[in-house]
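Notes follow the structure.
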Amino acid sequence: MLSHEDIKDFIEHQLTVWSLAKKNYDAIARIKRKNTKVDDLLVGIQWNPGRIGSTGAKIDVKTISERPCFLCRENRPQEQLIFPIAKGWEMLVNPFPIFPVHLTIVSETHRPQSSIPEDIVNMATELPGMAVFFNGAHAGASAPDHMHMQAVLKEEIPLIALTENYHSKSDFGIKFSSQFGLKLPFFFISGVVAPDESGMATLITGLKSGGLSDRGELTDSSLVNAFFWLDDSGILRFINIPRRSHRPSCYYLYGDNCRMVSPGSIDMGGIIIVPREQDFKSLTADEIRRIYSEVAITHI
């Protein structure tokens with residue numbers, strides 16, 4: 001189990017030897033954010049110019065097949081340090097951070113971002129105080145060809161705080177967001193895993209979740225966002241967000257009608273990342289609600 005000091009030391013050491021990463025982490029202090037209410041979810045809109053590469057990434061099969069995988073060890077910058085967090089996995093400092101603590105946990109082998117990896121449970125246990133998250137290959141992943149997870153401080157994610165408030169840690173099992181008694185812009189699944197054998201069924205649900213297939217069934221493992229974390233009492237929890245599409249229609253429009261929003265877990269967790277200033281200035285709560293309704297499920 002890693003302490004906050006372990007993680008802080010790893011990040012600080014990385015920034016002393018990698019000027020690009022240091023520049024981008026220093027820029028975090030200048031990032032602008034504003035909040036808006038989307039139904040009963042308080043959503044932050046964050047202007048991150050440095051995320052243009054991820055938000056604008058081409059993820060079609062041709063593009064992916066023709067570019068070197070930037071998560072494979074042989075293609076990474078020499079300055080990028082490795083923390084061997086668990087067998088088969090390497091922890092890296094994300095050089096294009098959204099928050100002051102932003103880690104990427106990469107499979108040592110090149111394999112597709114096919115479904116939520118079971119090792120996400122071990123990562124959440126190994127990183128207390130952090131939320132380990134997964135972007136499905138068609139749900140926000142900018143590297144759908146290489147299995148990876150990411151981790152940020154759990155306090156950064158509004159949806160986690162909301163879920164902990166409306167799904168008690170003593171209420172073990174699955175609870176749908178529609179049972180929270182709130183008006184929320186999309187549907188998600190909350191799980192509180194009992195620390196005994198009875199928690200296995202809950203955990204299986206969390207690991208096997210997916211999004212809407214072409215036939216409208218919750219079976220497509222590439223269309224899901226997931227957060228796993230330990231709450232303050234050490235109970236394992238998760239949120240699964242079934243998706244229906246990778247990007248909203250406004251992403252593909254031109255001129256003033258375009259909104260460069262490509263939702264991944266962080267966006268679905270209540271922090272909309274925009275790399276362009278014009279979107280930061282003009283994006284409204286109604287537009288965010290529409291984006292959520294196009295990429296996620298509004299009700300079950």
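The values are calculated or read from the model by the stated rules, or taken from the named source; none is laboratory data. Owing to the predicted nature of the structure, the values given are computational and were not obtained by experimental measurement. Ideal geometry is used to build each Cβ from the backbone, glycine not excepted, and the neighbour counts take in all protein chains shown. Ligands, DNA and RNA are excluded from the accessible area calculation, which covers all protein heavy atoms including side chains. Shrake-Rupley method; radii C 1.70, N 1.55, O 1.52, S 1.80 Å.
The figures follow:
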read-out	value
Per-residue HN-Hα couplings for the stretch 247-253 [Karplus 6.51, -1.76, 1.60; θ = phi - 60°; Hz; x = Gly/Pro]	9, x, 5, 5, 4, 9, 7
Relative counts (whole %) of C-alpha pair distances in the stretch 134-239, using bins that are 5 Å wide	2, 11, 21, 23, 22, 14, 6, 1, 0
Förster radius 30 Å - calculated FRET efficiency between Glu108 and Asp6, Cβ distance, rounded to 0.05	0.90
Spacing of the two label points (7 Å from each Cα toward its C-beta) at Ser168 and Asn122, in nm	3.5 nm
Inter-label distance, nm, simple model (7 Å from Cα along the C-beta direction), Glu79/Asp196	5.3 nm
Most fluctuating residue given options Pro68, Pro144, Pro84, as computed from a GNM of the chain linking Cα atoms under 10 Å	Pro68
Hull volume in cubic angstrom per residue (convex hull over the Cα atoms of the stretch 1-95)	179 Å³
Rounded Å value of the spacing that divides the Cα centres of the stretch 180-198 and the stretch 213-259	15 Å
For the chain, cysteines whose Cβ has no other cysteine Cβ within reach (under 4.7 Å)	Cys250, Cys258
Normalised convex hull volume, the chain, alpha-carbon set, Å³ per residue	130 Å³
Unit Cα scatterers, Debye sum, the stretch 154-300: log10 I(q)/I(0) for q = 0.14 Å⁻¹	-0.69
Euclidean distance of C-alpha centroids, the stretch 90-140 and the stretch 154-175, integer Å	20 Å
Value at 222 nm in deg cm²/dmol, rounded to 500, when DSSP H runs of n ≥ 4 in the chain each add -39,500 (n - 2.57)	-7500 deg cm²/dmol
Listed residues Arg111, Arg67, Arg30, most fluctuating in the chain (Gaussian network, C-alpha, under 10 Å)	Arg67
Accessible solvent surface per residue of the stretch 22-113, calculated while the other protein chains remain in place, 1.4 angstrom probe, Å²	54 Å²
Accessible area of the chain belonging to carbon and sulfur atoms, whole % at 1.4 Å probe	53 percent
